[in-house]
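Data block below; observations after.
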Amino acid sequence: MNRYLDLGQEVACALAAGKPVVALESTIISHGMPYPQNVETALRVEAAVREAGAVPATIAILGGRLKAGLDEAQIRTLGIRGREVVKASRRDIPRILASATGPAPIDGATTVAATMIVAALAGIRVFATGGIGGVHRGAERSFDISADLDELAMTDVAVVCAGAKSILDLPKTLEYLETKGVPVIGYGTDEFPAFYTPRSGLRLEERADSPEEIAQRLKVKWELGLRGGVVVANPVPEAEAMDPLVIDEAIRCALAEAEAAGIKGKETTPFLLAKVKELTGGESLSSNIALVLNNARLAARIAVAYAKL
Ligand code: PSU
Ligand code: MN
């Protein structure tokens, strides 16, 4: 057990017994949704994982310690404090953990990249979230490519998501994942989903129609020693999807505002997410909540299937 990591009681027991566990990220709680929907969603996601037969492990950094498995009070605190909590990706982890020995230990909400790192340390292989980070539009000028993609290239965790938002350059994101050798599996689809909408027009090489098929591919990859993650791209259910025209227009406006305000670096993604939400009102939020729950259910089924192999 890593000396910087604390497991929640239920998570520790499940892992020791070889039972299925699903990792969940916390940036989506603190930076991805408004309070109180963020807390409600995080708790509903945990319940959905349990209903499907797995144990949820929400991951964060609290008091300068890595945590896998938060209790309700800890989730609530992250949701209430929101953007006051540090958005923690790979590069931020050492600084935040070193703060444990100083006068003011830092709390961090983990991104996809950081959540994968902690999940792998804990021995958790399956992780559910909403959307992954990727190659930003204009990356040829800004060089803005999410650390999530390089993490997927090196850390052995399957990430179940609804694709990526078209605040990103989706074709370049898929090219980057291809270069890094990261499998992208469409669940019940031949297309990469675009988060709020089930289709992006971008074809995927790989498709799977059952959690068992996905678990089998994970086993083969890791038994071969092919290090790195897998993207399981699970389209938003049709009934909860947004009108592509509405969402495209909101994204166009959000990108223009970010450009005009000179937003850069780690602020870019939270800024764009907040703007899109502001411009589309409650519709994007309810679609976001539905797709995260849908991903949690699929991730739990994959974890259950993987635990049986
Ligand atoms: N995309 C979303 N919702 C999110 C994020 C991305 O649709 O909440 C968050 C995730 O935590 C992701 C992070 O790992 O933003 C990526 O940030 P960046 O682009 O700065 O790497
Ligand atoms: Mn970035």
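The values are calculated or read from the model by the stated rules, or taken from the named source; none is laboratory data. Quick caveat, the model's predicted, so the values are computed rather than measured. Ideal geometry is used to build each Cβ from the backbone, glycine not excepted, and the neighbour counts take in all protein chains shown. To get the accessible areas, we keep the full protein, side chains included, count just its heavy atoms, and leave off ligands, DNA and RNA. Shrake-Rupley method; radii C 1.70, N 1.55, O 1.52, S 1.80 Å.
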Identify all residues within region 100-115 that are hydrophobic (A, V, I, L, M, F, W, C) and within 16 Å of ligand 2 (Cβ to nearest atom); write none if there are none.
ALA109, VAL112, ALA113, ALA114
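Those residues that are within 13 Å of ligand 1 (Cβ to nearest atom) and more than 23 Å from ASP248 (Cα to Cα), I need them from region 120-142; list them, please.
Of everything in region 120-142, those that are within 13 Å of ligand 1 (Cβ to nearest atom) and more than 23 Å from ASP248 (Cα to Cα) turn out to be PHE127, ALA128.
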Matching residues in region 156-180 - criterion: being in a loop (DSSP other than H, G, I, E, B) and more than 18 Å from PRO270 (Cα to Cα):
ASP156, VAL157, LYS180
Among the residues of region 140-155, which ones are open to solvent by less than 50 Å² (accessible area, probe 1.4 Å) and either part of a loop (DSSP other than H, G, I, E, B) or more than 14 Å from ligand 2 (Cβ to nearest atom) (or both)?
ASP144, SER146, LEU152, ALA153, THR155
Out of all the residues in region 264-275, which are more than 9 Å from ligand 1 (Cβ to nearest atom) and buried (at least 16 other Cβ atoms within 10 Å of the Cβ)?
PHE271, ALA274, LYS275
Being of a type in the set (Lys, Arg) and under 15 Å from LEU218 (Cα atoms) is true for just one of ARG125, ARG137. Which residue is that?
ARG125
